[in-house]
Amino acid sequence: MTEETYDPSLDALLDLDGQVLVIDPAGRHWVKFVVTRVPVSPEKPHGLDYSLTLHGPDGERLVGFDNAHPVGRRKRGEPQDHRHRLRTVRPYDYQDAASLIVDFWETVDAVLKERGVLQ
């Protein structure tokens with residue numbers, strides 16, 4: 001990232017790297033954050049390689065926001081920002097680190113409510 005495109009919320013996202021948090025009272029669902037700076041490129045225009053995931057009791061990924069691979073019609077080619085929600089994968093419009101964190105937690109809450117884990 002250059003100074004002119006500096007994202008002040010980026011430090012908060014980078015601080016989450018390596019964190020694994022149990023997020024329900026029964027200890028059966030957990031989230032994992034992997035976030036690293038990488039050189040800005042067509043594949044990683046934000047200068048980040050990231051994966052934010054929610055896992056269920058059996059370790060299955062229920063929610064994921066990442067930029068590790070192409071999606072949709074772009075099954076080949078450059079990786080792009082996208083989100084996994086249960087069994088669907090859709091492009092994600094990355095705005096900044098703060099929005100990514102908010103969007104991830106909103107999706108986590110929605111899925112946990114749908115599954116009856118949260119009220």
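Coordinate-derived values only; no laboratory data. Model, not experiment: these values are computed from the prediction. Quick reminder, even Gly has a Cβ in these numbers, built from the backbone with ideal geometry, and neighbours come from all protein chains shown.
About the Cα centre, and with charges only on the beta carbon of Lys, Arg (+1) and Asp, Glu (-1), how big is the dipole of segment 3-114? Nearest 20 debye, please.
Details: 14 positive and 20 negative charges, 157 e Å.
Roughly 760 debye for segment 3-114.
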Which residue, 68, 26, 97, tops the fluctuation ranking in a GNM of the chain built on C-alpha contacts under 10 Å? 26
With residue 49 itself left out, Lys, Arg at +1 and Asp, Glu at -1 over residues whose Cβ is under 12 Å from its Cβ give -2
Cα-based Rg (one decimal) and Dmax (whole number) for segment 3-114, in Å? 14.1, 45
